[in-house]
Amino acid sequence: MASSGQKVVLITGCSSGIGLRIAVLLAKDEKKRYHVIATMRDLKKKDKLVEAAGDAYGKTLMLLPLDVCSDESVKQCINSVKDRHIDILINNAGVGLLGPVESISMEEMKRVFETNFFGVVRMIKEVMPDMKKRRAGHIVVMSSVMGLQGVVFNDVYTASKFAMEGFCESMAVQLLKFNVHLSMIEPGPVHTEFETKMMEDVAKMEYPGADADTVRYFKDVYLPSSKDIFEAMGQTPEDIAKCTKKVIESRNPRFRNLTNSLYTPIVAMKYADETGSLSVNTFYNLLFNFGPLMHITMSILKCLTCSCLRRRTISPN
């Protein structure tokens, strides 16, 4: 139970990665300003979180089961919080999907949207009425650079993030009238166990329904380029957690928060050309015409982005 003066923070998807790191960082806050409710679908996967939380577990951090894909689970989770009082909701739960769209079933696509989009909507719908009544609250959504800029072979994942960005941009206007803030956290590549395993798995998979050329472009062109980008520009879950903490502690939190300033020119390029041709043609050329050059550029960037520069890319400041 939260102590007097503590803000109640509920975080989804805390079994690993970004969610785990946000939960631990807030629970270990030196001033003990937060009472963290870390949630996950399967509490059998709690061990990593409990170990990372250390002494904070059972004091400033507690666990609750939550499946964002279930109306009943969402309602039960929020009802179990004292007075349903949540000061800060951090929507972090999400799933990825990668590969040629011809080989992805409609059921797989729906599963991504069920978690990445409708899961966020369920959570916001459940906590929003109480926040509006109190005229106070902060909703944080873990989005992605891919919610702002499409990326080849990430079609469905990108679409789910675009949908979430549009929903939240619309909601933010209404919520502001009730003194409730809504903030998007938009990372680029992040080094997590989930991402590493997914990249390894997709390289070995077969892709029925996709033509040979498309499969070759995916495996021999996109995946090596993606690996280069991850190595040169990737952040850690701790980086994203620090950024998220800065956002919730801001007096006037921004709506959009890119965590990696190296991606700012990429996003700006999209909005510099209303036809969309500039960004589409640039990414096409980078991937298919200038692959070797891109590899060299990423290698140089990896050398240049020493730890001190990486620290400076953590926004917002």
Total charge of the residues flanking Thr12 in space, meaning their Cβ is under 15 Å from its Cβ, with Lys and Arg +1 and Asp and Glu -1, is +2
Taking every other residue with Cβ under 12 Å from the Cβ of Thr196 and scoring Lys and Arg +1, Asp and Glu -1, one gets -3
The chain: longest segment with zero exposed trypsin sites (Lys or Arg not before Pro), where exposed means DSSP loop plus at most 15 other C-beta atoms within 10 Å, is residues 60-134
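For a Förster distance of 22 Å, can you work out the FRET efficiency between the beta-carbons of Glu249 and Gln76, rounded to the nearest 0.05?
Approximately 0.15, to the nearest 0.05.
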For region 82-153, averaging the sequence separation of alpha carbon pairs under 8 Å that lie six or more residues apart and dividing by its residue count, the contact order in percent is 55
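Pop the C-beta distance of Asp211 and Met269 into the FRET formula with R0 = 35 Å and round what comes out to the nearest 0.05.
Rounded to the nearest 0.05, the efficiency is 0.70.
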Highest GNM mean-square fluctuation among Val140, Val267, Val24, for the chain with Cα springs under 10 Å, belongs to Val267
accessible surface per residue for the chain, probe 1.4 Å, DNA/RNA/ligands not counted, whole Å² -> 51
Bridge orientation stat for the chain from DSSP, antiparallel percent rounded to 5, came to 5
Taking protein heavy atoms only, a 1.4 Å probe, and rounding to whole percent, the accessible area of the chain owed to carbon and sulfur comes out at 57
Beyond 26 Å, the calculated P(r) of region 7-262 holds a percent of Cα-Cα pairs equal to 40
Cβ-Cβ cut-off under 12 Å around Val180, Lys and Arg +1, Asp and Glu -1: the net charge is +3
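The values are calculated or read from the model by the stated rules, or taken from the named source; none is laboratory data. Just so you know, these numbers come straight off a predicted model, no measurement behind them. For neighbour counting, all protein chains shown are included, and Cβ atoms are generated from backbone atoms with ideal geometry for every residue, glycine included. Calculation scope for accessible area: heavy atoms of the full protein, side chains included, ligands and nucleic acids excluded. Shrake-Rupley method; radii C 1.70, N 1.55, O 1.52, S 1.80 Å.
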